[in-house]
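The structure appears below as structure tokens.
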């Protein structure tokens, strides 16, 4: 069955069929080959999407759409400009810092690419060439899947089951996200000097920075409230996403006053499209996961990899190398859905920290969103800026190199990933931690907060 599934999927994918439908037809082919009732497929599909945590994805998408339509980009750009001051590659630095802040709102690289590309690239073109401008914005947008709240991490946690928590993964992305931001800014400055771009921006002023920080405070407070509440166990990721939507509406109507009633329908529509794409992938992939489980593929893979080496580091290097190739050809959400159920249990048999493995898995596929031939962020930027893909690829590779450098650092020094989650709330790092009065203390529920409070 597994061979049939793989052959059908790759054949249809290479022919250009949308990945969700390719997965669905591959599942049907596997069921037919195994003599299993076809009615199993809709049952598995409904079971896969009937998930309370999965509701967080469309809600976070809606919150991001509302915040963008509420005029938050202006405030973030002004704040970023006040922080950067007058330096080489100043506008590029503004784009990167704005991308970091937008990442804490949108949770998605593609959404950030759309917002940043349409807002910042026209201004950057007055000082920089098209390739440089587009590459900077694409790199800044890719922070959206690393800095919390990240939709990619929600999908990973859902596919991994109770092995790792959403809150733990969120916190795992903070330090690497900061390292990426600093790395992008360094590359932008070096390239700006090398290409002879003129200085941009005004001299740094504490007064101006303080004023812009105050104006941007309602926007910057959103990720603190939402992510802090999730990590602290005050509410679940889904509840946090709902709070993010309510927060975005309040900010848009009462603070920036740029959100209109007429903006609600388009925001809902765009969020629905994004959520439908993810939901379709998860639903159709459920059949593939079911067939892989019946064929004992995870167990066979674990046995094979343990036969190659019993060293956890070797296993990590092998998986990361595979994901580099996978990320070049398969859309990231499809890769999570197909590969996480296979590799996450195997990582457990090697004794690898599930939080570390989960973050490295997500980060690797996030980088794949900027690597051809299937670099989703690159296609979005090319469509928005009208820059040819070849020129964009030539300019983006230094930023891709920075991302791989941070990935290697996280692999060599796991504390970069695990230190912050462990330091903040250790009980929220993993799935079921212990019991409290007969109730399971989970990584995403209120009981964790009650347990942690009592422990203190």
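Read-outs: derived from the displayed coordinates by stated rules, not from any lab. This one's a predicted model, so the numbers in the text were calculated from it and none came from an experiment. Note that we place each Cβ from the backbone using ideal geometry, even for glycine, and neighbour counts take in every protein chain shown.
Summary table below
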{"read-out": "Cβ-Cβ FRET estimate between residue 125 and residue 322, R0 fixed at 35 Å, reported to 0.05", "value": "0.35"}
{"read-out": "Angle in degrees between helix 206-231 and the longest Cα principal axis of the chain, rounded to the nearest 10", "value": "10 degrees"}
{"read-out": "Cα shape, the range 162-243, gyration tensor, a/c 1.5 rule", "value": "oblate"}
{"read-out": "Label-point separation, residue 258 to residue 6 (7 Å along Cα→Cβ), nm", "value": "5.0 nm"}
{"read-out": "Förster radius 51 Å - calculated FRET efficiency between residue 15 and residue 190 (Cβ-Cβ, nearest 0.05)", "value": "0.75"}
{"read-out": "Rounded if a/c under 1.5, otherwise prolate or oblate - the range 320-412, Cα gyration tensor axes", "value": "prolate"}
{"read-out": "Highest to lowest packing among 319-330, 30-41, scored as the average C-beta count within 10 Å", "value": "319-330, 30-41"}
{"read-out": "Contour excess over end-to-end distance, with Cα ends at residue 86 and residue 49 and 0.36 nm allotted per residue", "value": "8.4 nm"}
{"read-out": "The range 46-99-the range 263-321 distance, computed between alpha-carbon centres (Å)", "value": "26 Å"}
{"read-out": "The chain: angle of helix 151-160 to the longest principal axis, Cα-based, in degrees nearest 10", "value": "20 degrees"}
{"read-out": "Helix axis angle, 40-49 relative to the chain longest principal axis, alpha carbon, degrees", "value": "30 degrees"}
{"read-out": "Potential extension, residue 329-residue 74 segment - 0.36 nm per residue separation minus Cα distance", "value": "88.3 nm"}
{"read-out": "At R0 = 41 Å, FRET efficiency that the Cβ-Cβ distance of residue 404 and residue 210 yields, to 0.05", "value": "0.65"}
{"read-out": "Tensor-based shape of the chain (alpha-carbon gyration tensor, a/c under 1.5 rounded, otherwise prolate or oblate)", "value": "prolate"}
